[in-house]
1. Name the pairs whose Cβ atoms lie under 7 Å apart, with the first residue in segment 378-402 and farther than 14 Å from SER320 by Cβ, the second hydroxyl-bearing (Ser, Thr, Tyr), and 6 or more positions between them or separate chains?
2. Residues LEU85, LEU91, LEU58, LEU71: which one is within 27 Å of GLY219 (Cα to Cα) and within 12 Å of ligand 1 (Cβ to nearest atom)?
3. Restricting attention to helices (runs of 4 or more DSSP H) lying wholly within segment 78-156, give those where 2 or more residues are within 28 Å of PRO56 (Cβ to Cβ) and within 16 Å of ligand 2 (Cβ to nearest atom).
4. Is segment 107-122 home to any residue that is free of Cβ contacts under 8 Å to residues at least 12 places away in the same chain and of a type in the set (A, V, I, L, M)?
5. Output the qualifying pairs, or none if there are none: Cβ atoms under 6 angstrom, residues six or more apart or on different chains, first residue in segment 269-280 and of a type in the set (Asp, Glu), second residue at pLDDT below 95.
6. Spot the failing condition for GLU438; the list is (1) touching a Leu at 6+ places or on another chain (Cβ under 7 Å); (2) charged (D, E, K, R); (3) at pLDDT 90 or above, and only one is missed.
7. For residues that are of a type outside the set (Asp, Glu) and over 20 Å from the mean Cα position of the chain (by Cα), scanning just segment 183-197, find the one that is nearest to ligand 1 (Cβ to nearest atom).
8. Does any residue of segment 198-218 turn out to be at pLDDT below 95 and within 16 Å of ligand 1 (Cβ to nearest atom)?
Amino acid sequence: MALSALRKLRANRKNRAGGADRSSASGKPPRAADGEILLETVGLTKTYAGADGELPVLAGIDLKVRAGEILALLGRSGSGKSTLLRCLAGLIPAGSGTIAYRDEPLRGANPGTAMVFQTFALLPWLTVQQNVELGLEARGVPADERADAALRAIDLIGLDGFESAFPKELSGGMRQRVGFARALVVEPDVLMMDEPFSALDVLTAENLRGELLELWESGRFPTRAIVLVTHNIEEAVLMADRIVVLGSRPGRIKESFEVALDRPRDRNSAAFEDLIDRVYRVMTGRVKETRVPGRPDEVEPDRRTPANTPLPTASVDGLSGLAEMVAHRGGRCDLPDLADDLGLEVDDLLPLVDALDLLGFAKISGDDLLLTEVGAAYAGADVQLSKTLFAEAALGAPLVRLITTSLRQNPEGTLRAGFFRDVLAHHYTSEQVTEQLETATDWGRYAELYAYDADPQEYRLDEDEQPPPSAQA
Ligand code: ADP
Ligand code: MG
């Protein structure tokens, strides 16, 4: 494989305008024709063992990856993107359903894929070149061929001159180039990338995205397809030919979008912005979903429980800040625009938006966030009034309500955090349980509904707690 790989790299380098050698390599299937299905899952499910029982993460994923395409798997944090990618790469076993690489059921690591990780995953005691050679070493390629192939991959990805540097000497962007070179050197049919730009600063990320697309377009790219995991809508629209949006708990395909925009893509074009808006509406769940019942925003307020309506991971400061910003804009604003103005990704705002929604402080209409009457009052209130309004609203958040009512029913007015932990463990991973309790603690403290002592890990009814009339349970 390695010699032909080398020849291919060489040929591609000489023949820059798309003369990629598609001939059969020894022991490796011939290069797939564009459109040919490289990876396919049918009814793929995956569950992890949670603190209490099984946690479904993927449920019934039917997905095809075709030669010639960049496919983006887009979803919010926790939607199962990394899990799906790892299943496709054969790094973890599927639960049920099938995964095939070129029509062959997958057993163990997928020979047709190589992975680029968000955290670069370089070995600090190896040089750039040695890190790049690792992939070939694992496949039994002799040393001289490894060196040659590694140098070419290093050259291809713009790392010339850094061969003997150690990772700690490199900037983040250069480190991720090593990550790319290490994956590309084995010439996988499918390059898998798990949020490869999200650990980089904005400019570096932008630069790397551009370089990668340029390589892909030039025909010098030694892979046939790319699967890109991202939570960044704009990145997906910029890079992908097809975007598959995953929903959460458990992950399912909500919708998929063909991206028919010409490259290089103009972010300011109406078509680009229109697609961002459409994907955004699917991501935020503000369009009708037929396949995923029980999303938080679909549960009637009086049927909400801590199990079906998790608290969004939003601090009081964060959600108040957003409410104030919307108030300054007349009580209504376009979310993608707002994110843009703040230099954030829309995804960064979503937990805050969900929090305002759950608290009844705001509503979503299309792409606009609208403050409700009480939301506007909250945004304009002084500290005392804002606490009162928040306390009333927070009792509409199921976990805050559960903690408050449990404490009120307890003669001592105290309860161990472990109690709530156990209740939640039936529905969440232990990581998520911690997140839920942290948010509930933040909200409850601010609302002066209850206090929390970290030392005995105990919730305590706030001494001055004056339940608002609507909250009397
Ligand atoms: P994403 O990449 O979209 O953020 P992940 O695939 O990493 O999502 O995780 C999906 C869900 O599975 C999350 O709730 C996460 O906490 C859980 N999860 C991920 N890996 C494990 C694991 N090894 N054991 C238990 N739960 C896990
Ligand atoms: Mg992930």
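1. Here the result reads GLU392/SER470; LEU395/THR404; PRO398/THR305; PRO398/THR309, each pair linking segment 378-402 to a residue that is hydroxyl-bearing (Ser, Thr, Tyr).
2. Every option except LEU85 fails the conditions.
3. 81-88
4. no
5. Short answer, once both residue conditions are applied: ASP277/ASP367.
6. Every listed condition holds for GLU438 apart from (1).
7. For segment 183-197, the residue satisfying everything is ALA183.
8. yes
The values are calculated or read from the model by the stated rules, or taken from the named source; none is laboratory data. Note that the structure is predicted; figures quoted are calculated from it, not measured. Please note: Cβ atoms are built from the backbone with ideal geometry, for glycine as well, and neighbour counts cover all protein chains shown.
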